[in-house]
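What follows is a single structure, written as structure tokens, with notes after it.
Taken together, the values in this text are just the output of simple stated rules run on the coordinates, not laboratory data. Since the model is a prediction, treat every value here as computed from it, not as a measurement. Cβ coordinates were reconstructed from backbone atoms using ideal geometry, including for glycine residues, and neighbour counts include every protein chain displayed.
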Amino acid sequence: MATQDFSIGSKAFQHEGQIPSKYTCDGEGINPPLQFQNIPSGSVSLALIVEDPDAPDGTYDHWLVWNIDPAEEIPEGIQPGISGNNSGGKTGYHPPCPPDGEHRYFFYVYALDARLHLDAGADRSALEAAIQGHILGNAELMGRYTKQSTQ
């Protein structure tokens, strides 16, 4: 049973607002702080998928992480849980760095009734398959970013 009020937010930016450059390739490149409200009761873990659907070659996965303790916050610069391979072929947070124009970055969180038996470095399809049948609730946050520097 999904919880209607489950939500994800950030102290760094508003939903549909601009992601500060600190959390991008123009800044420190660390993950922004994330807060969760009304985590569904019975949640054993959280899973997070961060994607850029505006990437030139199709959706780019920036961060795949699971087995996050169902706490109310992930502080900035902290890598919780177990990380999967992002579209850059690496684990961990890959900061926004759009090659052109403004891109949207979606932070999807899933409250799960179990911890996942998934090895570090798994890809998005493996993560999506593993969460099926375990989702108690989900929420999303979207931020925008336009690259500032010309490298």
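Can you tell me the mean projection area, over all orientations, of the convex hull of the chain's alpha carbons? Units nm², please.
Here the figure is 8.3 nm², rounded to one decimal.
Whole-Hz ³J(HN,Hα) for each residue in the stretch 72-83, computed from phi via Karplus 6.51 cos²θ - 1.76 cosθ + 1.60 with θ = phi - 60°, x for glycine and proline: what do you get?
7, 8, 10, x, 4, x, 9, 9, x, x, 10, 9
Rounding to the nearest 20 debye, state how big the charge dipole of the chain is about its Cα centre with +1 on each Lys and Arg Cβ and -1 on each Asp and Glu Cβ.
160 debye
Quick one: which residues, 5+ away or cross-chain, put their amide H under 5 Å from the amide H of Asp123? H built at 1.01 Å from N.
Asn85
Under the Karplus relation 6.51 cos²θ - 1.76 cosθ + 1.60, θ = phi - 60°, what is the ordered set of whole-Hz ³J(HN,Hα) values for the stretch 30-39, x standing for Gly and Pro?
9, 5, x, x, 10, 10, 10, 10, 6, 4
When N counts the residues of the stretch 1-80, how does its alpha-carbon radius of gyration compare numerically with 2.2 N^0.38 Å, as a ratio?
Cα Rg divided by the expected 2.2 N^0.38 Å: 1.18.
When only DSSP loop residues count, what trypsin sites (Lys or Arg not before Pro) in the stretch 82-143 have their Cβ near at most 16 other Cβ atoms within 10 Å?
Lys90, Arg115
Which of the GluC sites (Glu not before Pro) found in the stretch 1-103 are loop residues per DSSP with 10 or fewer other Cβ atoms within 10 Å of their Cβ?
Of the GluC sites (Glu not before Pro), the ones in loops of the stretch 1-103 whose Cβ has at most 10 other Cβ atoms within 10 Å are Glu16, Glu72.
Under the definition of Cα pairs under 8 Å and six or more residues apart, what whole-number percent is the relative contact order of the stretch 64-105?
34 percent
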